Amino acid sequence: MAVSLLTNNAVSPTINVNAQSASYTAVLGDGSNTLVTINNASANTFTIPPNSSVAFPVGTILNIAQTGAGQTTITQGSGVTIVSTGATASAPKTRVQYSGASCIQTSANNWLVIGDIA
């Protein structure tokens with residue numbers, strides 16, 4: 001599903017919604033104007049795979065949102081390093097239902113996670 005935003009009566013770029021209902025591992029297409037939503041009543045994970053599996057370009061932004069009651073933990077695949085202000089800096093979690101986070105690749109296999117995280 002693509003959502004268009006209107007600005008000054010002009011259509012801005014759309015964002016695709018990749019709706020998930022269970023733990024999920026990011027794919028290359030998730031870095032292109034995509035919001036991954038995870039709607040699950042139980043705790044779940046969003047995994048960032050290593051560059052050897054999915055070669056995201058440096059600067060890629062993966063956007064996620066917890067739409068269900070189950071808290072989403074952002075986890076690192078083998079060889080991936082995550083840094084964040086979350087209570088567990090290498091495995092941040094969305095704070096509550098409808099919280100979101102952005103995972104920004106700063107170099108191969110290194111990701112900064114920002115957003116409404118715990």
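Just so it is clear, none of the values below were taken in a lab; they were calculated from the coordinates. Quick caveat, the model's predicted, so the values are computed rather than measured. Because the Cβ atoms are built from the backbone with ideal geometry, glycine has one as well, and the counts that use them run over all protein chains shown.
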Pop out the ³J(HN,Hα) list for segment 37-50 in order, Karplus 6.51 cos²θ - 1.76 cosθ + 1.60 with θ = phi - 60°, rounded to Hz; leave Gly and Pro as x. 9, 10, 10, 9, 6, 10, 3, 8, 10, 10, 9, 9, x, x
What share of the DSSP beta bridges in the chain is antiparallel, in percent to the nearest 5? 45 percent
At what distance in nm do the modelled label points of ASN33 and THR88 sit from each other, each positioned 7 Å from its Cα along Cα→Cβ? 3.6 nm
Once amide hydrogens are built 1.01 Å from N within the peptide plane, the residues lying 5 or more places from ASN51 or on another chain with amide H under 5 Å from its amide H are ASN109
Extension gain (nm, one decimal) between ALA118 and ASN16, 0.36 nm per residue minus Cα-Cα: 34.2 nm
Once you sort the root eigenvalues of the Cα gyration tensor of the chain as a ≥ b ≥ c, which label holds: rounded (a/c under 1.5), prolate (a/b larger than b/c) or oblate (the other case)? oblate
Given backbone amide H placed at 1.01 Å from N, residues whose amide H is under 5 Å from that of THR75, ignoring those fewer than 5 places away on the same chain, are PHE46, THR47, ILE48
